[in-house]
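Notes follow once the structure below has been shown.
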Amino acid sequence: MTPSRVSVGNATVSLGSREVMRAGMVFIAVLVAFAGWAVATHGSLRHAWLHASGVRLLVEPARIDVGEGKPGETREATFTVRNLSGIPVRLLGARASCSCLATDRLPISIPPAGSIELHISIHLETSTTGTVEQSVHYRTDLPAVPEFVAVVVGHVSKG
């Protein structure tokens with residue numbers, strides 16, 4: 001077989017097929033080792049990528065549509081909050097955009113690489129029809145993410 005030529009700057013190196021195969025195997029081994037580390041430390045490659053991109057708290061989904069309901073009904077929404085940082089994070093409190101929202105008891109801690117579910121109830125007010133969008137702002141003790149928002153959308157029918 002003819003050797004492969006690799007140029008780096010002004011230098012050209014000739015590699016035989018064995019060297020090319022060995023380099024490819026080393027690259028694959030490093031890639032597999034990195035993927036294993038990422039999954040072990042962050043739970044998934046996606047979470048490891050988000051952490052490497054600077055994301056420390058991930059709210060999934062950040063917006064939930066609870067569907068249509070009659071005036072006076074209460075609907076529930078569940079959000080997952082993932083801690084992608086390497087330290088425990090405490091949710092210290094919450095501020096709702098409307099008295100029609102109720103949230104879980106706080107404070108609560110999320111362990112490093114852990115997650116919790118947050119539950120928000122929205123009471124579909126009797127004085128409103130159509131689409132209602134409200135939010136809850138959660139405060140944290142994480143300096144990089146002092147606050148995050150969860151949005152709940154509901155649709156109030158005419159009754």
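The values are calculated or read from the model by the stated rules, or taken from the named source; none is laboratory data. Remember, predicted model here, so these are calculated numbers, not experimental data. Note that each Cβ is placed from the backbone with ideal geometry, even for glycine, and that neighbours are counted across all protein chains shown. For the accessible areas, the whole protein counts, side chains as well, though only heavy atoms, and no ligand, DNA or RNA atoms are used. Shrake-Rupley method; radii C 1.70, N 1.55, O 1.52, S 1.80 Å.
How much accessible area per residue does segment 64-159 have, in Å², with a 1.4 Å probe?
51
Label points 7 Å out from Cα along the Cβ direction at Ile87 and Val59: separation in nm?
Between Ile87 and Val59, the simple spin-label model gives 2.2 nm.
How many nm separate the modelled label positions at Thr128 and Ala113, each set 7 Å beyond the Cα in the direction of the Cβ?
Taking the simple label geometry, Thr128 and Ala113 are separated by 4.1 nm.
Given the Cα-Cα distance of Leu31 and Ser157 and 0.36 nm per residue of separation, how much length would full extension add, in nm?
40.1 nm
How big is the accessible area of Asp141 in square angstrom, nearest 10, if you roll a 1.4 angstrom probe over the protein chains?
70
Filter the trypsin sites (Lys or Arg not before Pro) in segment 68-116 down to the DSSP loop ones having no more than 10 other Cβ atoms within 10 Å, then list what survives.
Passing sites in segment 68-116 are Arg105.
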